[in-house]
Amino acid sequence: MSDEEDEAITSKEYLIKFLALGDSGVGKTSLLYQYTDSRFNPRFVPTIGIDFREKRVVHHPISTDGVRSTRGQRIHLQLWDTAGQERFRSLTTAFFRDAMGFLLVFDLTNEQSFVNIRNWLSQLQTHAYCENPDIVLLGNKADLEEQRVVDEGEAKTLAENLGLKYFETSASTGQNVTKSVEALLDQVMIRMENCVDQATLPNNVFNNNPNRGPKLREVDEANEETSSGCSC
C-alpha cells in the first residue's frame with residue numbers, strides 16, 4: 001500500500017454488527033464462513049443458539065455517480081449467526097437490537113423458507129432497534145439449479161415490493177456473497193452518515209428507499225397510515 005493510499009484510509013475503526021436470519025438449513029452459517037474465510041464447509045451442523053464470525057475491511061463509500069471513493073473507513077464487522085429453530089427464537093431475538101444490519105436468508109430449493117420471509121420481517125419489526133432497519137434479502141443455494149423451486153422473478157418481485165435489495169447467493173461457489181454483504185454495509189454507512197449530519201432525526205431521515213417503510217409495515221400491520229419514521 002502506498003503512502004497516498006494509506007493516508008486515504010481513516011485510522012478510526014468502527015465496530016458494526018450484522019445479523020443473519022432465516023429458517024434452519026438455509027445456509028446462514030455457510031454463507032458467513034464463505035465471506036470471512038473464503039471456504040465452504042459442506043457439513044450441515046445446526047447452529048445452537050447464536051454464534052458469530054469477524055472480518056476487518058476497509059469501506060469505500062459510493063458517490064452519487066456510482067463511483068467508489070478512494071478514501072476508506074476501517075470497519076470491524078461482526079457477523080452474528082442465529083439459530084433458525086423455533087425453540088431458540090426467544091434467545092436470538094434478544095440480539096436484534098444490537099445489530100445495525102440484517103442478512104435475511106432463504107433457500108432457493110425450499111419454498112417454505114421463502115414463504116417464511118414475512119414471518120422473519122415481522123420479528124424484525126418487533127425486536128430490531130428501529131422499525132425500518134437495513135436489510136438485504138438473499139436467495140441462497142443458487143448453485144443447485146436443478147433443485148430450485150423458488151422462481152427468481154418471484155423473489156425479485158417480493159424484494160421490490162418490500163423495498164429490499166435482492167441477491168441470489170451460493171455459499172458453495174461464493175456467488176454474490178461478498179457483494180451482498182458490501183451492499184448491506186453501504187446502506188448502514190449511509191445511515192450512520194445521516195446520523196452524524198443530523199442534530200435531530202425527523203421521520204424518514206434513515207429511509208433511503210421511500211417505499212420501504214410502508215411496504216415493510218404491510219407485513220403485519222393493517223393500518224398503513226401509521227408513521228413510517230424510525231423510532232431509534
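The values are calculated or read from the model by the stated rules, or taken from the named source; none is laboratory data. Keep in mind it's a predicted model, so treat the numbers as computed, not measured. The protein model used for the area step is the full one, side chains on, heavy atoms only, and it has no ligands, DNA or RNA in it. Shrake-Rupley method; radii C 1.70, N 1.55, O 1.52, S 1.80 Å.
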Worksheet entry | segment 9-200, accessible surface, carbon-and-sulfur percent (1.4 angstrom probe) | 48 percent
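Report relative contact order for segment 9-200 in percent, whole number only (criteria: Cα-Cα under 8 Å, sequence separation at least 6). Intermediate results must be reported in sequence, preceding the final value.
Numbers: 357 pairs, mean separation 47.9, N = 192.
In percent, rounded to a whole number, it is 25.
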Worksheet, complete the sentence: Per residue, accessible area of segment 9-200 with a 1.4 Å probe, heavy atoms of protein chains only, in Å², comes to 48 Å²
Discussion item. Which three numbers, in whole Å and largest first, are the semi-axes of the equivalent ellipsoid of segment 9-200 derived from its Cα gyration tensor as √(5λ)?
Written reply: 26, 19, 17
